[in-house]
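For reference, the structure discussed in these notes is given below.
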2 protein chains.
Amino acid sequence: MSDTPSASSSPPASRAAGRHRVVVVGGGFGGLEAISRLKGADVDITLIDRRNHHLFQPLLYQVATASLATSEIAWPIRYLLRDRPEASTLLATVIGVDTQAREVLLEDGGRVPYDSLVLATGARHAYFGHDDWMPYAPGLKTLEDATMIRRRILLAFERAERETDPRRQAALLTFVVIGGGPTGVELAGTIAEMARVTLPPDFRRIDTRRARVLLIEGGQRLLSAFDPSLSDYARQALEKLGVEVVLGQTVSECSAQGVVYGDTRLEADTVLWGAGVRASPAAEWLGAPADRAGRLLVEPDLTVPGYPEIYAVGDTVSIAGPDGAPVPGIAPAAKQQGRYVGAAIKARLRGAPPPAPFRYKHSGNLATIGKRKAVIDFGRIKLRGPLAWWIWGIAHIYFLIGMRNRLSVALSWLWIHTRGQRSARLITQGK
Amino acid sequence: MSDTPSASSSPPASRAAGRHRVVVVGGGFGGLEAISRLKGADVDITLIDRRNHHLFQPLLYQVATASLATSEIAWPIRYLLRDRPEASTLLATVIGVDTQAREVLLEDGGRVPYDSLVLATGARHAYFGHDDWMPYAPGLKTLEDATMIRRRILLAFERAERETDPRRQAALLTFVVIGGGPTGVELAGTIAEMARVTLPPDFRRIDTRRARVLLIEGGQRLLSAFDPSLSDYARQALEKLGVEVVLGQTVSECSAQGVVYGDTRLEADTVLWGAGVRASPAAEWLGAPADRAGRLLVEPDLTVPGYPEIYAVGDTVSIAGPDGAPVPGIAPAAKQQGRYVGAAIKARLRGAPPPAPFRYKHSGNLATIGKRKAVIDFGRIKLRGPLAWWIWGIAHIYFLIGMRNRLSVALSWLWIHTRGQRSARLITQGK
C-alpha cells in the first residue's frame, strides 16, 4: 500500500531493475504453461487476463448442463501463481499492442512494457457473418455462457410445464444444437439424457422424455476430426439417447422463433451454437497476417513474422502440424505451444541457439456421448463405449488442477451416475 | 404435452376432481416443512416460488465469501418434491390473493385456486426509509446477492492491486459491514480472515493484511439475541481477527464514497448490509394487520385473522413465543411453524378438533466467527470457541438436504481448514 509508484503503467513493485520482462496475455492453458516452463528463469512475468480465473474449458459443457458447479472447473489465476513471486497477475482488458514502444495497451489507459510478449488470447464464437444470431444461439466459451445456457435449458422445461398452447409447448421442448464437433455432441447428448433420465420424475404436466433434441451438422459426419468409424458410432449412440442427428444441412436462419435448415423451419426456444470459432483480435493488434478465422500465421518458432520478441500460442494461432494438417484448437496443443515458448524465451536469455521449430505431437481426440459412453481416437488405437468413457473421465480428473477439485468433480460424477441426479440445476438471474 | 387444459389458471393435470387443494407460496424452510408434514393426506399441493431452488440461507454468507459454491447450498425445488406425485411446483411470481374467489394471483395473469393457503414468503432487506442506500450496501438474501457480494469483495482487492493513488487504494481496502447480528458477525469475520490468511500470498503490490474490516452496530453489543457473555466473546474474537467493532453508532449516510456513522466519515468501496429485514408483502396482499416490519399478525393457530383457511409461517409472520418475546426469524422457527400448519390442515381434513395453539420451542442461537470459532446459546448451556465451531459445523452439515451436498460441503470446509484456501473465488459478470 505504501510502495505505489506514480505512473499508471508502472511495473510490479517486486521487479528488480533491468530484469527481462515477460508479459503473457491470457490465462488459459497456453499462457499458464508458458509461465510454468519459465520457472527458475531470471525474469519478471506479468499475466494479464480480463477474467480473474483460469477455466478448464473441456468440462464447460457440464456446467451448461447442470452437472458441475462453476467453481469445480475454474480457479483464480492469482492462486495458481501464488508460489511464483516473480509473476504478477493483472485483471485488465487488453485493447492493443504498441510494438514500437513494446507496450501492451489496456482499456483503462494503462500501458504494460514488455521485453518478450506471449499472446495466448484464445478464440470466441464465430457466426460466419451472422452476428445477429448471437442472442438466439449462444455459444459456450465462458462461465457466464455456461450459466446462461443452463438457465435457458432449465427455464424452457419450467415454461413448458406451465404452457397451455400445445404448439408453444412443443417449441419450448425443442432443443437445437448447431455444429457436430465435440462440444455439439456433448451438449446434445447431455441435454437428451437430462430430458430422459434426470427430469421426468420432477414434472407433473409435461413428459420431459418427449422433448426433441436436434444436432445439426453441415458436414457429412459428426466429429470430423475423428476416424469415420467413431463418427458413425457417435451418431448411433446419440440416436439411441433420443437425439435427432441431421447431417449435411446448414442453418440458414436463427431467430427468436427457432431455426431454418434446408427446407425445414423448426420452432425452438433453445438454440445453442457449437459451429465455429474466431480467434481473438491479436492479429489486429499487431497488424499481422492471419487466416480467415483471424488466427495469426506464425513462424515455425511461434513468433509473429517481423517480431522475434512476440510469441503466440493456442487458439489464436494457425500453424501446420507435422502431417501438414493444421494443429487443432484443443487444450493439449495450446499446452505444448506454451511449453515451447517458455523454453524458447529461457534459451534466448541464456544466449543459447534458438530451439528447433515447434513440432506438435497429437495425443488424441476425445468426446463423450451422454453419461456412460465416449469415443477416443488415439490414431492407431480407437476406443468407444463405456471403457472409453472411463478413460475420458480419469484423464479429465487427472488434468484438473488442485486435489480439491479432482475429489469434488469425482464426487459430482459419482452422484450423477449412481443417482441419475444433477446437483447444479440452479436458475440464477442476471446475464 | 397432450393433456393441457385450456384455462391458464388450470390446476395440475394430476389432480383428481374434488380433492382439497393446498397452495403453498414460498419454497423456504417453512413452506417445505408444511408440505413434508402433509405427506399421506388426501390433498393436491401446489408450491409456487419465483425461484427454482430452495436455499439453505444459514450458509449463504459462505457463498458470499467464496467458501462454498452456489450449488452446495441450493437445490431445485422440483427435485425435493420428486417423490410426491400429489405436489406440483410452479415457477412464478405471486402478486396478490383474491380471498373472495380463493385464488392466488400471478404476475403473468395466471390464477391458482386454493382451499387452504400457506404463505411462507420470507423477508427482504429493509433500509429503514433509506432505499437509496441499496445499490451501495447490498444485503444477503439470495444466491444472486451472494455472488454479487463475492464479486464486489474480490474486485476490491483486484482494483487495489492496480491503484496508484494511496487514498483510493485505502478506500478499496476498507470493508464495512452494517449490523451486528449473526450475518454481520459472520461476514465481517470471514472477510477479515480472507484478507489475513487466504489472500496475502496471491498479491504482489498490496499487503491484503492491511485491509480494514469494520462492523458497525447501533446497539450496545453484538448478537443481541445471545447471552451478553457470548456477545463480549464474539467482539473479542472478531477483534483478534482484525475486525474493528463499532458499537452504539448508527450509519447516517451510505453512498458510492462510503459511509458516515456518528461524526466519522469513512471512505469505503465495499459496504454490506446486515442490519434489517422487512417481511414480504403477504400482509399487503391480504389487507391484513401487520407489525412495523410488515409481518402478518396471526392467530395462535397461525391463521390470518378473518381467514381460517389462510396460514402464514416463517419470516413473514409476527407471533409471540411462550416467554412473550417474539419468535425469532430463524430457520428452526420457520420449520416448526411449517410442521404445525401441515398438521393443522391434516387435522381439519379429518374433521379432528383444531390443534392446540402453536408453541415455539427455542433450541438455541448459533453464529460463527471466522473459520475456527463460534458462539452457541442453548439457554442453559452456552458454548464458545473451537468446540462451539465443531458443533455448529456438524449441525449445519446434518441439516443440509441430500447426502451429496453434505459430503461436498464437508470437503470444502476441510479444504479451507487444512489449506487455508477458498475454492469459489470466482468473479463472474452480470448482476
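The values are calculated or read from the model by the stated rules, or taken from the named source; none is laboratory data. Since this is a predicted model, take the numbers as computed values, not measurements. Using ideal geometry, Cβ is built from the backbone for each residue, glycine included, and neighbour counts are taken over all protein chains shown. To get the accessible areas, we keep the full protein, side chains included, count just its heavy atoms, and leave off ligands, DNA and RNA. Shrake-Rupley method; radii C 1.70, N 1.55, O 1.52, S 1.80 Å.
Observations on the model:
- Which numbered condition A:Gly40 fails, given (1) modelled with pLDDT of 90 or more; (2) under 30 Å from B:Trp75 (Cβ atoms); (3) open to solvent by 10 Å² or more (accessible area, probe 1.4 Å): (2)
- Test: residue in region B:22-43 that is within 14 Å of chain A (Cβ to nearest Cβ) and more than 28 Å from B:Pro328 (Cβ to Cβ): no
- Scan of region B:308-318 for residues that are assigned to a loop (DSSP other than H, G, I, E, B) and of a type in the set (Ser, Thr, Tyr), ordered by number: none
- Hey, A:Ala288 of a type in the set (A, V, I, L, M, F, W, C), touching a residue at least 12 places away in the same chain (Cβ under 8 Å), surrounded by 16 or more Cβ atoms within 10 Å (Cβ to Cβ) and not in a helix (DSSP H, G or I) or not: yes
- Test for A:Pro300: is it touching a residue at least 40 places away in the same chain (Cβ under 8 Å) and more than 21 Å from the chain's Cα centre (by Cα): yes
- Meeting the requirement of 1 or more residues that are modelled with pLDDT under 90, the helices (runs of 4 or more DSSP H) wholly within region B:319-431 are B:386-399, B:403-419.
- Leading residue by the ranking (farthest from the other protein chains (Cβ to nearest Cβ)) among those in region A:58-99 that are within 30 Å of A:Trp392 (Cβ to Cβ) and β-branched (Val, Ile, Thr): A:Thr65
- Counting only strands (runs of 3 or more DSSP E) that sit completely within region B:89-141, those holding 2 or more residues that are surrounded by fewer than 22 Cβ atoms within 10 Å (Cβ to Cβ) and over 19 Å from the mean Cα position of the chain (by Cα) correspond to B:94-98, B:103-106, B:111-113.
- Any hit, region B:155-176, residues being of a type outside the set (Lys, Arg) and within 21 Å of B:Trp392 (Cβ to Cβ): no
- Scanning region B:66-88 for residues that are crowded, with 24+ Cβ neighbours inside 10 Å and in a loop (DSSP other than H, G, I, E, B) gives B:Ala66, B:Ser67, B:Leu68, B:Ala69, B:Ile73.
- Only one entry in B:Ile397, B:Ile381, B:Ile401 is free of Cβ contacts under 8 Å to residues at least 24 places away in the same chain and under 30 Å from A:Arg425 (Cα atoms), namely B:Ile397.
- Matching residues, region A:301-331, being open to solvent by 20 Å² or more (accessible area, probe 1.4 Å), under 17 Å from A:Val25 (Cα atoms) and of a type in the set (Asp, Glu): A:Asp315
- Taking the conditions (1) at pLDDT 95 or above; (2) of a type in the set (Ser, Thr, Tyr); (3) loosely packed, with under 15 Cβ neighbours inside 10 Å in turn, B:Ser231 satisfies each one other than (3).
- Considering region A:61-81, the residues that are modelled with pLDDT of 90 or more and more than 17 Å from the chain's Cα centre (by Cα) include one that is nearest to B:Ile427 (Cα to Cα), namely A:Arg78.
- Identity of the residue in region A:237-285, in a helix (DSSP H, G or I) and open to solvent by less than 20 Å² (accessible area, probe 1.4 Å), that ends up farthest from A:Ala123 (Cα to Cα): A:Ala237
- Sole residue being more than 26 Å from the chain's Cα centre (by Cα), without any contact (Cβ under 8 Å) to a residue 24 or more places away in the chain and not assigned by TED's automatic domain parsing to the domain that holds A:Ile319, chosen from A:Ala356, A:Ala374: A:Ala356
- Residue match in region B:148-163 (condition: among the aromatic types (Phe, Trp, Tyr) and either part of a helix (DSSP H, G or I) or open to solvent by 20 Å² or more (accessible area, probe 1.4 Å) (or both)): yes
- Entry remark, region A:164-195: residues being among the β-branched types (Val, Ile, Thr), in a helix (DSSP H, G or I) and either touching a Pro at 6+ places or on another chain (Cβ under 7 Å) or farther than 25 Å from A:Glu253 by Cβ (or both) number 1 in total.
- In region B:184-209, the qualifying residues are those that are farther than 22 Å from A:Ala87 by Cβ and of a type outside the set (Gly, Ala, Ser), and the one that is most open to solvent (accessible area, probe 1.4 Å) is B:Arg196.
- B:Val213 being more than 14 Å from chain A (Cβ to nearest Cβ), under 24 Å from the mean Cα position of the chain (by Cα), without any contact (Cβ under 8 Å) to a residue 40 or more places away in the chain and within 20 Å of B:Ala66 (Cα to Cα): yes
- Within region A:128-156, residues that are closer than 22 Å to A:Asp202 by Cα reach partners that are open to solvent by 70 Å² or more (accessible area, probe 1.4 Å) with beta carbons closer than 7 Å, at six or more positions or on different chains, in the pairs A:Met148/A:Lys431.
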